[in-house]
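Reading through the structure tokens given below for one structure.
The values are calculated or read from the model by the stated rules, or taken from the named source; none is laboratory data. All values derive from a computational prediction rather than experimental measurement. Every residue, glycine among them, receives a Cβ derived from its backbone with ideal geometry; neighbour counts consider all protein chains shown.
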Amino acid sequence: MSQFITLNTIIGNGKSYQVPIYQRDYSWDKDDWEDLWNDIAEIPVDKTHYLGYLVLQPIREGEESFWIIDGQQRLTTLSILALAITALLDKWSRENIDTQDNKIRFEKITERYLGNYSLSKLNLDPKLKLNRNNDDYYKSWLLKLRTPSTLSKLKPSQRLLQKAFNYFFSELQEKFKSNKSGADLADFLEKIIGNGIVFTQIVVTNDLDAFKVFETLNARGVKLSTADLLKNYLFKLTHQLGELDLEEAERRWQNITNTILSNDLTTFIRHFWNCKYKLERQPTLFKAIKREINSAEIAFDFLNELEQASSFYTAFNNPNDELWDKEEKLSLKLIDLLNVTTCYSLMLSALKYMHRPEFKILVKELGIIAFRYNLSDLNPNEAERIFSKVANEVANKSISSAKDAIIALKSIYVIDDNFEQVFSTLSINTRRKKDLVKYILVKFENQISNKDYQPEEAVATIEHILPENPGSIWEESFPNEIQEDYIYRLGNYSLLEASINNKLDNNIPFSEKLVRYKTSSYRLSNEYCNYEKFSPKEISLRQGKMAKIAKGIWKSSFILPIS
């Protein structure tokens with residue numbers, strides 16, 4: 001059943017509301033409070049302010065008590081605003097401003113909007129009960145108008161509750177600083193806020209309808225992420241087994257969240273899902289998970305697997321993590337340099353279902369495949385589809401070796417001729433991808449001089465033969481209008497000791513640079529720059545030579561070249 005309803009109607013006639021235990025903590029912040037306060041300020045002109053959907057489910061048949069399926073952030077904030085109004089009335093009464101009448105207003109507003117006093121008036125039975133992390137603070141501190149000595153020891157959501165109270169109390173003081181009228185303050189709550197704020201109320205009768213509505217409605221603020229929806233869904237399932245099981249599910253979810261940290265939780269869940277199941281994009285992910293995870297027992301298994309995978313996932317973009325050995329670190333550094341995540345589903349599947357030596361082989365090959373694919377600027381969605389397909393085959397044991405997995409990726413392995421063609425004209429801007437350029441140059445140096453430098457350890461600097469900011473002396477070979485086309489070409493880069501590079505400037509001609517290059521210990525400079533002049537033609541020749549070598553450096557050990 002759906003209907004428009006005012007705040008005064010919502011809180012009237014002995015109604016009470018409870019946030020389900022599995023729902024998220026209070027999360028509104030100053031931007032949200034300011035938006036609400038500014039909206040309220042417009043009500044005298046606009047007459048009403050629509051605050052979206054309020055989705056409720058009766059707790060017990062025949063009683064006026066409801067679960068808040070969607071709307072807890074808004075109802076909690078409005079409750080805090082009412083509390084701030086009672087606090088201001090209490091302050092005025094203690095300042096001997098219309099003391100007796102303001103005490104009466106304080107009690108009437110408290111009973112109408114916040115709860116009912118016991119006969120002794122020592123305790124208040126609140127109209128609103130929050131979730132486990134917020135309810136105790138709400139009842140023990142906010143409802144009793146107590147202020148903690150410090151906010152730093154509070155949980156983040158408790159700090160937000162207190163800060164919301166402080167914000168509205170401050171705004172109310174400012175609004176009524178020249179008119180300390182308890183009657184006007186009470187009218188502001190009842191007539192402006194209570195009658196002016198309007199919701200669409202939807203009352204659902206069962207859990208299934210409630211959750212369907214909850215998935216699709218989030219009327220104010222940022223729409224819930226897939227991770228938020230999933231957390232609520234998993235908690236709802238596990239709560240069916242009892243409070244202890246819900247607490248265990250919460251602990252495991254918190255462990256996952258703490259481990260993932262700066263990584264996007266929804267993206268992690270999607271990559272994990274795609275390692276075992278058909279590829280899902282983010283918009284369809286939650287529905288797909290719901291189809292498979294449909295009991296408390298399966299939900300716990302899913303949480304266990306997520307928790308186990310989270311440490312490895314976080315370490316994928318931290319190649320120096322202690323989880324990896326020396327060879328794995330080198331492979332992961334390349335994948336990280338490329339900023340490629342489409343292969344994460346396959347990496348997760350290989351870690352779980354293959355022996356570790358096979359994973360080591362696989363991740364090395366993935367770096368090569370990703371390098372060719374990424375530099376060729378091909379569609380990442382197609383690559384992810386193939387990676388997920390092979391990940392599924394690893395999970396269902398139809399592929400058990402790194403070799404078979406790599407062969408199954410053959411369709412996204414850029415063949416030699418195409419890779420050479422791409423590489424021969426490639427530009428990479430050192431201002432944005434300096435580390436990638438250095439990696440490529442060091443790999444070339446190792447190949448042509450039989451060295452084993454590591455890119456992050458190499459003391460060489462990147463030398464732009466045609467300088468990034470060319471002096472006028474370069475305009476004959478590189479007119480101004482074409483300079484930008486060649487400055488970031490791979491054929492324009494070399495490795496050079498800092499002691500040599502520091503003595504070069506933008507107006508030194510190539511002939512003088514070449515003299516310095518010949519003193520370098522790097523063959524990329526002392527041999528691979530050996531031209532009489534340096535023009536677009538030489539850049540193309542030099543890069544073409546590099547492209548032929550690149551085919552051998554970044555080459556799969558299992559995918560044979562097309563003859």
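Which one of Ile289, Ile335 is closer than 19 Å to Ile260 by Cβ, modelled with pLDDT of 95 or more and not polar (S, T, N, Q)?
Details: Ile289 fails: modelled with pLDDT of 95 or more.
Residue meeting the stated conditions: Ile335.
Which of the residues belonging to the stretch 527-561 are assigned to a helix (DSSP H, G or I), more than 30 Å from Lys403 (Cα to Cα) and touching a Leu at 6+ places or on another chain (Cβ under 8 Å)? Full working, then the answer.
Initial filter on the stretch 527-561 (assigned to a helix (DSSP H, G or I)): 536-553.
The next check asks that each one be more than 30 Å from Lys403 (Cα to Cα); those that pass are 536-545.
Ile539, Gln543, listed by residue number.
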_Any residue at all in the stretch 346-356 that's out of contact with any Phe, Trp or Tyr (no Cβ under 9 Å at 6 or more places or on another chain) and free of Cβ contacts under 8 Å to residues at least 24 places away in the same chain?_
yes
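Rundown of residues vs (1) more than 20 Å from Gly14 (Cβ to Cβ); (2) among the hydrophobic types (A, V, I, L, M, F, W, C); (3) surrounded by fewer than 22 Cβ atoms within 10 Å (Cβ to Cβ); (4) within 34 Å of the chain's Cα centre (by Cα), yes/no style:
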| position | (1), (2), (3), (4) |
| --- | --- |
| Ile68 | no, yes, no, yes |
| Arg74 | yes, no, no, yes |
| Lys91 | yes, no, yes, no |
| Thr99 | yes, no, yes, no |
| Glu111 | no, no, yes, no |
| Asn123 | no, no, yes, no |
| Lys127 | no, no, no, no |
| Arg132 | yes, no, yes, yes |
*asked:* Anything in the stretch 520-544 that is closer than 18 Å to Leu441 by Cβ and loosely packed, with under 15 Cβ neighbours inside 10 Å? List them, or say none.
replied: Ser521, Glu527, Asn530, Leu541
_Ser557 - would you say it is farther than 27 Å from Val422 by Cβ and polar (S, T, N, Q)?_
no
*Quickly run through the stretch 66-89 and pick out the residues that are in contact with a helix residue (DSSP H, G or I) (Cβ under 7 Å, 6 or more places away or on another chain), assigned to a helix (DSSP H, G or I), without any contact (Cβ under 8 Å) to a residue 60 or more places away in the chain and more than 12 Å from Leu185 (Cα to Cα).*
Ser79
_Could you list, ordered by first residue, the pairs with Cβ atoms under 7 Å in which the first is in the stretch 428-451 and surrounded by fewer than 18 Cβ atoms within 10 Å (Cβ to Cβ) and the second is among the aromatic types (Phe, Trp, Tyr), at least 6 apart or interchain?_
Ile428/Tyr488; Asn429/Tyr488; Thr430/Tyr488; Asn446/Tyr453
*In the stretch 28-57, what residues are at pLDDT 90 or above and either within 25 Å of His239 (Cβ to Cβ) or touching an Asp or Glu at 6+ places or on another chain (Cβ under 7 Å) (or both)?*
Trp28, Trp37, His49
*Restricting the stretch 447-460 to residues that are in contact with an Asp or Glu (Cβ under 9 Å, 6 or more places away or on another chain) and closer than 16 Å to Leu490 by Cβ, which is modelled with the lowest pLDDT?*
Pro455
*How about the stretch 452-472: which of its residues are free of Cβ contacts under 8 Å to residues at least 60 places away in the same chain and among the small types (Gly, Ala, Ser)?*
Ala458, Gly471, Ser472
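Tell me which residues, restricted to the stretch 509-519, are buried (at least 17 other Cβ atoms within 10 Å of the Cβ) and aliphatic (A, V, I, L, M).
If the condition is that a residue be buried (at least 17 other Cβ atoms within 10 Å of the Cβ) and aliphatic (A, V, I, L, M), then Leu514 is the only one that fits.
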*Which residue pairs have Cβ atoms closer than 6 Å, lie 6 or more positions apart in sequence or on different chains, and pair a first residue in the stretch 97-111 that is among the polar types (S, T, N, Q) with a second residue that is in a loop (DSSP other than H, G, I, E, B)?*
none
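Could you pull out the residue among Leu466, Leu495, Leu504 that is within 20 Å of Tyr531 (Cα to Cα) and not in a loop (DSSP other than H, G, I, E, B)?
Values: Leu466 fails: not in a loop (DSSP other than H, G, I, E, B); Leu504 fails: not in a loop (DSSP other than H, G, I, E, B).
Exactly one residue qualifies, and that residue is Leu495.
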